[in-house]
1. Scanning for something under 21 Å from ILE60 (Cα atoms), crowded, with 16+ Cβ neighbours inside 10 Å and in contact with a strand residue (DSSP E or B) (Cβ under 8 Å, 6 or more places away or on another chain), does the range 145-155 turn up at least one residue?
2. If I filter the range 94-102 for residues that are part of a strand (DSSP E or B), in contact with a Lys or Arg (Cβ under 6 Å, 6 or more places away or on another chain) and under 19 Å from LYS7 (Cβ atoms), do I get at least one hit?
3. With the condition kept exactly as written, say whether any residue in the range 29-44 is touching a residue at least 24 places away in the same chain (Cβ under 8 Å), within 20 Å of GLY122 (Cβ to Cβ) and within 28 Å of the chain's Cα centre (by Cα).
4. Restricting the range 69-95 to residues that are over 17 Å from VAL126 (Cβ atoms) and among the polar types (S, T, N, Q), which is surrounded by the most Cβ atoms within 10 Å (Cβ to Cβ)?
5. Within the range 96-110, can you find the residues that are surrounded by fewer than 15 Cβ atoms within 10 Å (Cβ to Cβ) and more than 25 Å from the chain's Cα centre (by Cα)?
6. Just to be sure before I move on: is SER66 buried (at least 21 other Cβ atoms within 10 Å of the Cβ), assigned by TED's automatic domain parsing to the domain that holds GLN116 and of a type in the set (S, T, N, Q) in the structure I sent?
7. Among the residues of the range 1-53, count how many are assigned to a loop (DSSP other than H, G, I, E, B) and either aromatic (Phe, Trp, Tyr) or over 13 Å from THR135 (Cβ atoms) (or both).
8. Pick out the one residue from LYS35, LYS7, LYS61 that is basic (Lys, Arg) and not assigned by TED's automatic domain parsing to the domain that holds SER95.
Amino acid sequence: MVKNISKYPEQTSSSSAAPVRAVNEEILTIIQNLKDTIEANSIEALSAYQIGSPYSIIVIKQKDGSFLELLNPLVVSRSGEQINEEKTAYFQDLSARVKRANSISVMYEDIELNDQHIKADGELAVLLQRKIDYTYGSSFIHKLDKEERKLFESKLEFGAGAALVGACPVVYKREYIAKATDYVIISMAVLLGASFFISQSESMFIYQVYLILVTVLLGISYFFYAQYESKQYSSCTNCQIGDILGTIGILWTRSFAILFISYFIM
């Protein structure tokens with residue numbers, strides 16, 4: 001029987017799968033359900049945990065079309081290292097870069113509960129490690145390093161598009177425009193201060209007008225560039241339109257306040 005494969009955020013269990021002590025009708029049914037579900041979904045392998053069964057069972061479809069049943073699998077040795085972009089049915093349409101052993105040895109029992117041993121490397125080693133993770137109530141998210149896990153959690157919250165934008169940057173490029181505007185405002189303030197010491201300060205007011213026009217142009221540039229940047233970092237709260245307009249409003253308020261004072265003093 002084809003079963004539904006558990007998908008995030010559905011919870012399966014955080015505990016280890018129960019070992020198979022006897023191969024009875026229940027176990028045989030679970031194994032057949034795993035095979036049917038693998039065929040129906042055109043996937044390589046499934047752990048019993050992925051279809052809601054608490055037993056330590058993994059079924060892998062081999063290249064020749066036959067199935068390999070692993071009961072109570074256990075990784076007994078690991079060597080080497082590989083980092084791959086992995087996908088899993090549980091986190092649908094999402095992927096992450098996961099560090100795995102390149103070669104492993106696995107002890108397991110076959111359907112007759114005879115002890116067996118398999119050595120695997122490359123893709124098969126990754127597949128076995130992924131499925132054995134499920135028998136411990138785990139998934140690849142628990143294998144991620146700090147930065148990769150932060151990025152993956154962002155994908156979970158905001159969708160696969162977060163993979164393109166990544167985490168929010170420490171410094172936005174639009175802030176360079178805001179800083180340039182600050183420098184223009186400081187120049188206006190300097191001119192205002194200098195007017196107290198220059199007898200013919202009227203001509204300086206013209207420069208204030210030119211500078212206010214520069215702040216207006218920079219503010220417009222800030223707005224449009226911030227809109228462009230917000231599409232790249234759509235998960236960031238400070239990319240919201242209110243924050244962008246607020247920044248422009250503060251900059252323009254400061255510059256026009258200096259111009260207003262200059263009008264009456266110069």
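1. Checking the range 145-155: not a single residue is under 21 Å from ILE60 (Cα atoms), crowded, with 16+ Cβ neighbours inside 10 Å and in contact with a strand residue (DSSP E or B) (Cβ under 8 Å, 6 or more places away or on another chain).
2. Yes, there is a match, as at least one residue in the range 94-102 is part of a strand (DSSP E or B), in contact with a Lys or Arg (Cβ under 6 Å, 6 or more places away or on another chain) and under 19 Å from LYS7 (Cβ atoms).
3. For the range 29-44, residues touching a residue at least 24 places away in the same chain (Cβ under 8 Å), within 20 Å of GLY122 (Cβ to Cβ) and within 28 Å of the chain's Cα centre (by Cα): present.
4. Result: ASN72.
5. Listed by number, the list holds a single entry, ASP110.
6. Considered against the rule, which asks whether it is buried (at least 21 other Cβ atoms within 10 Å of the Cβ), assigned by TED's automatic domain parsing to the domain that holds GLN116 and of a type in the set (S, T, N, Q), SER66 comes out as no.
7. 19
8. Only one candidate qualifies: LYS7.
The values are calculated or read from the model by the stated rules, or taken from the named source; none is laboratory data. Because the structure is predicted, anything quoted here is derived from the model rather than measured. Quick reminder, even Gly has a Cβ in these numbers, built from the backbone with ideal geometry, and neighbours come from all protein chains shown.
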